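Below is one structure, written out as structure tokens, with a few remarks after it.
The values are calculated or read from the model by the stated rules, or taken from the named source; none is laboratory data. None of these values were measured; they are calculated from a predicted model. Glycine gets a Cβ as well: all are built from the backbone with ideal geometry, and neighbour counts include every protein chain shown. We work out accessible area using only protein heavy atoms, side chains counted, and drop any ligands, DNA or RNA first. Shrake-Rupley method; radii C 1.70, N 1.55, O 1.52, S 1.80 Å.
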Amino acid sequence: QLHLVESGGGLVQPGGSLRLSCAASGFTFSWYAMSWYRQAPGKERELVAAITRAEDTNYADSMKGRFTISRDNAKNTAYLQMNSLKPEDTAVYYCNAKHDYLRINYWGQGTQVTVSS
């Protein structure tokens, strides 16, 4: 089974922090670039952050300085540390694994993040 499972979402107040996890199984995790996307109601899916096999990182402009993506190949897990959260960060956050050569993408089911007072 090829599977990505997100966890760590929930309700947090503005200015708070959350750490999302993406646990992978059923494929060779270290061969894939990992990324996080999000989708808010009425909006299209957008890239949040990405990390390559070599652990180079890229972030959407609105996330720079607030979010950090990382990976632990020994645990087959990717993470997204989110700090200084804002109400506009409210969305379903999805984990993605991409094999650049084979052009294959795996998606998780998503985890809800709600930022509200």
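Within the range 1-40, the set of residues being without any contact (Cβ under 8 Å) to a residue 40 or more places away in the chain and touching a His at 6+ places or on another chain (Cβ under 6 Å) comprises Gly26 only.
Restricting the range 12-25 to residues that are more than 17 Å from the chain's Cα centre (by Cα) and open to solvent by 50 Å² or more (accessible area, probe 1.4 Å), the residue that is nearest to Asp56 (Cα to Cα) is Gly15.
The residue list Asn96, Asn73 contains one member that is open to solvent by less than 20 Å² (accessible area, probe 1.4 Å) and modelled with pLDDT of 95 or more, which is Asn96.
When you look at Gln39, is it in contact with a Leu (Cβ under 9 Å, 6 or more places away or on another chain), open to solvent by 30 Å² or more (accessible area, probe 1.4 Å), at pLDDT 95 or above and not acidic (Asp, Glu), yes or no? Taking the combined requirement at face value, the residue does not satisfy it. Do we find that Ser84 is under 17 Å from Leu20 (Cα atoms), touching a residue at least 24 places away in the same chain (Cβ under 8 Å) and either surrounded by fewer than 15 Cβ atoms within 10 Å (Cβ to Cβ) or among the small types (Gly, Ala, Ser) (or both) in this structure? The answer is yes for Ser84. Kindly indicate whether Asn58 is open to solvent by less than 60 Å² (accessible area, probe 1.4 Å), at pLDDT 95 or above, part of a strand (DSSP E or B) and out of contact with any Asp or Glu (no Cβ under 9 Å at 6 or more places or on another chain). So Asn58 fails the test. Taken over the range 99-117, the residue count meeting the criterion of being part of a strand (DSSP E or B) and open to solvent by less than 50 Å² (accessible area, probe 1.4 Å) is 6.
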